[in-house]
1. Which pairs turn up if I take residues in the stretch 163-177 that are over 28 Å from Gly134 (Cβ atoms) and look for partners that are small (Gly, Ala, Ser) with beta carbon separation below 7 Å, at least 6 apart in sequence or on another chain?
2. Only one of these conditions is not met by Lys130: (1) assigned to a strand (DSSP E or B); (2) surrounded by 15 or more Cβ atoms within 10 Å (Cβ to Cβ). Which number is it?
3. Can you confirm whether Tyr231 is more than 30 Å from Asn63 (Cα to Cα) and among the aromatic types (Phe, Trp, Tyr)?
4. Just one of Gln169, Gln176, Gln228, Gln262 is farther than 28 Å from Phe73 by Cα and among the polar types (S, T, N, Q); which is it?
5. Within the stretch 74-85, does at least one residue satisfy the condition of being on the phi < 0 side of the Ramachandran plot, modelled with pLDDT of 80 or more and not in a strand (DSSP E or B)?
6. Looking at the stretch 213-243 only, could you name the residues that are surrounded by fewer than 18 Cβ atoms within 10 Å (Cβ to Cβ) and of a type in the set (Phe, Trp, Tyr)?
7. Could you name every one of the strands (runs of 3 or more DSSP E) located completely within the stretch 193-263 that has at least 2 residues being in contact with a Gly (Cβ under 6 Å, 6 or more places away or on another chain)?
Amino acid sequence: MHYSTKKTLMIVMLFMFLGMHALSAQSTRRDTIQPPKKQVEVIRFGDDDGGRSGKGKHKKKSNGIIKTAPLSFILGYVPVLYEYKINDWLSLQGGTGITFKPSVSGLYAIIDEECADGNCGNNLDYSYRKSKLGTMLAFAPRLYFGSDAPEESYIAPEIRMYFRRTNAQAIDPASQYEIIRLNDQYDKESIRFTDFMVNYGNQTLYPSLTIDWSIGVGLRKISGKIQQTYYNETTGFYFSQLDKASNPYAFRLDIGLRIGFQL
């Protein structure tokens, strides 16, 4: 082999050897150098302290809820109720409110009895009555069985009392063939509705808002003093007077919706 050819071949082999050595060194360096650690971000859901304590904390249910019935004005009352949690399965709810003329008095519970001497009439007929503000009271223990009180399904025996005050126009003593009422004389009535109910319902708690619906069945008792209209067969004239209001216990169906705020 020619000298120059040998020299060229030796140079080529030298460069090949140096290249292979460099590649081998680079590969060895990759194997010995550890890659940087990746940072892992841990996202915790439902922890009030961002996971610093290591324990998840759930929002504590409120022990007290104040509520009202937004549609009750249709029936002539507006309540303010307060529910307090006693333990995991029991709470107590009570409250008061005001009463006034119902918006749909014709659909409301009424007395319409025939008296011995004449027609007793309708105690919620506001064509000749003026309504005055009255009061109401309510109390109910609530037994929860769907979850921890005061949330989810419950059964609640309840007593409610509505005190209504009205002024009924008196009857003109000259009413002989038909009833004529006076514009400046009134009989002052005081009527009490007492309801004994058993309610089934469900209460949902949001961060601050509370929605409570129920359906109930029970009995209603009416008492008090109301105007009664009579006809005197001897004289042939109508007359009115305040008499005791009473009726047999009447069946009652109730559907309720209450909105409240946790305290």
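1. Close Cβ pairs (under 7 Å, with a partner that is small (Gly, Ala, Ser)) amount to Gln176/Gly236.
2. (2)
3. When the stated conditions are applied, Tyr231 passes them.
4. Every option except Gln176 fails the conditions.
5. Here is the first cut: in the stretch 74-85, the ones on the phi < 0 side of the Ramachandran plot are 74-75, 77-85.
Checking which are modelled with pLDDT of 80 or more leaves us with 74-75, 77-85.
Next cut, not in a strand (DSSP E or B) only: 74-75.
Yes: one or more hits.
6. Trp213, Tyr231, Phe237, listed by residue number.
7. Details: elements: 209-232, 237-246, 250-262.
Filter on the stretch 193-263 gives 209-232, 250-262.
The values are calculated or read from the model by the stated rules, or taken from the named source; none is laboratory data. Every value quoted in this text rests on a predicted model; they were computed, and no experiment measured them. Heads up, the Cβs are rebuilt from the backbone with ideal geometry, glycines too, and the neighbour counts pull from every protein chain shown.
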